[in-house]
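This report concerns only the one structure given below.
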Amino acid sequence: MVETSNLYYTYEDVTALTFPDIALTPGEHMLVMGPSGVGKTTLLYLMAGLLPPIRGNVVIDGTGLNMLSRKEIDKFRGEHIGLIFQQYHFIKSLNVSDNLHLRQTFPKSTNDKKRLHELAERLGLAEHLSKKVTELSQGQQQRLSIALGLIHKPKLVLADEPTSNLDDVNCIKVINLLKEEAEICKSSLLIITHDLRVMSHFHNRIEL
Amino acid sequence: MNLGYLAYKNMVSKPLNLLLSLMLLSLSVSLVTFVFQLSQQLGDQLNKNIAPFDMVVGAKGSPLQLVLSSVLHVDVPTGNIKLKDMTALQNHPFVEKAIPVSYGDNYKGYRILGTETQYLNSYNAKLSEGRLYQKSFEVVVGSGVRSKLNLKLGDTFISSHGLADSGATGHEEHPYEVVGFLESTGTVVDQLLISNLKSIWDAHEHDGSKHNEGFEDKHQEDYEGHDHNEEHEHKDSENHQGHNHNDEYGNEEHENLEITSLLVKFKNPLGMVQLPRFINENTTMQAALPGLEIQRLMGLLSSGVQTINGIAVAILLVSALSIFISLLKTIRERKQELALLRTYGLGIGKLLGLALLEGLFLALLGFVLGWILGRIGVWGVSQYMQASYGYALRINSPELVELFLLSLILTLTIIATLLASRSIFKLNVAKTLSDA
């Protein structure tokens, strides 16, 4: 169960951002929509504990992020939250397989090769596992980014425009994968998107 | 996956940075360890070789040369002295032992030393095989010579004139026979072929009668310097030599026998104070103190050693700086990756650990490479010295001083890494990730 209450954030006192309360049960998904600049990504960072809210709180499975120290939030995030970024971030010195493996390792050693291969297979990355991340195409990078957000079976998956670089075939694959994973791992799913292809598959949504 | 693997991958992903830092570091380490080993081993070796003797008495000349030639067997001798002049010294109450040595020939570049068996006792040299020499032209062989020349018991060989392997033939009439082998002592004995004094005299007696060039001529000149009485005796002895060169030397003969030098060990430390001065002031011979001469030699070397150490320390500091700069650069370049790792659940401590691992890995690798390079250098010098002086250097396992150097390098690296990593503490994860 993921709940936010009265979240408020402001960047250097210029733009004040208030957010509607969100409640997600395990396995439930929600789309976040709205024009640029309303703070969609900020909401995502607040929920991931990457930004401390000025007011309000995020409670994930009974744990209030405002009760945790910075170190504890890092650890909590590593275990329970999966982030899929709009810009892709990888460890460039590691190959695809090692990047995925690294995400499984910290902080909890879930050294599960089977899951790594299964996920790579489902995202069409299986034959690219030994490649450098810089050798992947944009679409492949986006799929790797999605795999990194899901591989450690998080309780909350936060995705920022996860389909922007995908063709229709891969887009459908990713949508189905996100739904299936949420179902299997009982993950709550929050997706920021402008993509009409995504919207037609998810009906629970909020406008910012 | 552990942090070490990630640190390693990060490091090898920038091979040029790695190469530069490693080269600087290993260069300084190899310089320091090489010079240290060289000066220490030379000093040790020299001290070990001079330890059995307090004083050398030989012909006038450079005292350093006398010590180098008669004790360390690396230089040519200053000349010869008369054995009979030594009797007083040998019986002096301050003297514990006085061992005459005589040399001038070699076999394939290894010196043949004529001396008493007491000489072997002084160096604690024990037989590993065979027996000691009992009569002329029997030799025992030092362990280094044995392994180099591959000699066997019963082998015979012909010595050549001089102290270096010139290929010139010498004393065909008197082949030496190998009767024993010595255990390795780690001293100059290992590099010698040792026989009795008489072998040297017998070999050169023939030369004397044939009026060969070399040592013998020099002896003659030395004789001229002595008083008339001695000259007469000399002539007498030449007559004698005519008929009885295969017999034992009589007393009369003894009067004119020559040795290269006398190695003296004092019983009483007063001897060290009184005898050298007495000999130098009142006789035509000179007395040299090996300890003093070697100290002087090492003093000359040590200023060179210090200069090289200074250069090495400067390179070490530059290499620490290069590690600092390259870490600073990679941490800046990898800001986003560090932010990503934060979202993976790695705290600031772990990120710092990652940077430290990378730095320490580099330092350790640089040290090991440098250490190996230094040892290769020692090995190279050892080959050269063995070929030209018969001295070999050991390839030692890491020593305390070198471990101290390692800890100094590790400390420098930790400081450099921490300084370079300050930005990790101030990392704004959300902002960094959005700024792609």
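The values are calculated or read from the model by the stated rules, or taken from the named source; none is laboratory data. Being a predicted model, the structure only gives us computed values, none of them experimental. So basically every Cβ, Gly included, is an ideal-geometry build from the backbone, and we count neighbours across all protein chains shown.
Whether any residue in region B:291-311 is within 21 Å of B:LEU410 (Cβ to Cβ) and either within 48 Å of the chain's Cα centre (by Cα) or away from every other protein chain (no Cβ under 14 Å) (or both) is what I want to check. For region B:291-311, residues within 21 Å of B:LEU410 (Cβ to Cβ) and either within 48 Å of the chain's Cα centre (by Cα) or away from every other protein chain (no Cβ under 14 Å) (or both): present. Restricting attention to region A:66-91, the residues being more than 7 Å from chain B (Cβ to nearest Cβ) and surrounded by 15 or more Cβ atoms within 10 Å (Cβ to Cβ) number 10.
Flag: B:ALA387 matches the condition of being in a helix (DSSP H, G or I), hydrophobic (A, V, I, L, M, F, W, C) and without any contact (Cβ under 8 Å) to a residue 12 or more places away in the chain.
Evaluating B:GLY345 against the criteria (1) on the phi > 0 side of the Ramachandran plot; (2) away from chain A (no Cβ under 14 Å) leaves one unmet condition, (2). Name the single residue, out of those in region A:119-142 being under 18 Å from A:CYS185 (Cβ atoms) and touching a Lys or Arg at 6+ places or on another chain (Cβ under 8 Å), that is surrounded by the fewest Cβ atoms within 10 Å (Cβ to Cβ). The qualifying residue surrounded by the fewest Cβ atoms within 10 Å (Cβ to Cβ) is A:ARG122. So, in region B:152-162, exactly how many residues are at pLDDT 90 or above and surrounded by 20 or more Cβ atoms within 10 Å (Cβ to Cβ)? Qualifying residue count, region B:152-162: 0. Of all the residues in region B:121-144, those that are within 9 Å of B:VAL179 (Cβ to Cβ), surrounded by fewer than 21 Cβ atoms within 10 Å (Cβ to Cβ) and not hydrophobic (A, V, I, L, M, F, W, C) number 4. Only residues that are among the aromatic types (Phe, Trp, Tyr) and touching a helix residue (DSSP H, G or I) at 6+ places or on another chain (Cβ under 9 Å) were counted across region B:367-388, and they come to 2. Here A:THR63 meets the list (1) modelled with pLDDT under 90; (2) within 14 Å of chain B (Cβ to nearest Cβ) almost entirely, failing just condition (2). Filtered by the rule that a residue be within 22 Å of B:LYS267 (Cα to Cα), out of contact with any helix residue (DSSP H, G or I) (no Cβ under 6 Å at 6 or more places or on another chain) and of a type in the set (A, V, I, L, M), region B:28-54 gives a lone residue, B:ALA51.
Taking region A:1-10 as the search range and keeping residues that are outside any loop (DSSP other than H, G, I, E, B) and either in contact with a Gly (Cβ under 9 Å, 6 or more places away or on another chain) or without any contact (Cβ under 8 Å) to a residue 12 or more places away in the chain (or both), which one is nearest to A:PRO154 (Cα to Cα)? Only one residue fits best here, namely A:THR4. Residues that are within 20 Å of A:ASP21 (Cα to Cα), in a helix (DSSP H, G or I) and among the hydrophobic types (A, V, I, L, M, F, W, C) within region A:37-89 comprise A:LEU43, A:LEU44, A:LEU46, A:MET47, A:LEU65, A:MET67, listed in sequence order. Answer with yes or no whether A:ASP98 is without any contact (Cβ under 8 Å) to a residue 40 or more places away in the chain, surrounded by fewer than 22 Cβ atoms within 10 Å (Cβ to Cβ) and either among the basic types (Lys, Arg) or within 13 Å of chain B (Cβ to nearest Cβ) (or both). When the stated conditions are applied, A:ASP98 passes them.
Within region B:134-144, is there a residue that is closer than 19 Å to B:GLY186 by Cα, part of a loop (DSSP other than H, G, I, E, B) and either among the hydroxyl-bearing types (Ser, Thr, Tyr) or at pLDDT 90 or above (or both)? Yes - at least one qualifying residue is present in region B:134-144. Determine whether region B:394-405 contains at least one residue that is acidic (Asp, Glu) and more than 14 Å from every other protein chain (Cβ to nearest Cβ). Within region B:394-405 (the criterion being acidic (Asp, Glu) and more than 14 Å from every other protein chain (Cβ to nearest Cβ)), the answer is yes, since at least one residue qualifies.
Mind listing just one residue for me: the one in region B:318-342 that is among the polar types (S, T, N, Q) and under 16 Å from B:PRO15 (Cβ atoms) and, of those, farthest from the other protein chains (Cβ to nearest Cβ)? So, considering only residues that are among the polar types (S, T, N, Q) and under 16 Å from B:PRO15 (Cβ atoms), the one farthest from the other protein chains (Cβ to nearest Cβ) is B:SER322.
If you go through region A:15-51 and keep only what is surrounded by fewer than 22 Cβ atoms within 10 Å (Cβ to Cβ), free of Cβ contacts under 8 Å to residues at least 60 places away in the same chain and under 18 Å from the mean Cα position of the chain (by Cα), you end up with A:ALA23, A:LEU51. None of B:GLY353, B:GLY380, B:GLY366 is surrounded by 14 or more Cβ atoms within 10 Å (Cβ to Cβ), assigned to a helix (DSSP H, G or I) and more than 14 Å from chain A (Cβ to nearest Cβ) except B:GLY366. On the stretch given as region A:151-178, residues that are touching a His at 6+ places or on another chain (Cβ under 7 Å) and outside any loop (DSSP other than H, G, I, E, B) total 2. Across region B:383-425, the qualifying residues are those that are surrounded by fewer than 17 Cβ atoms within 10 Å (Cβ to Cβ) and among the charged types (D, E, K, R), and the one among them that is nearest to B:LEU341 (Cα to Cα) is B:ARG422.
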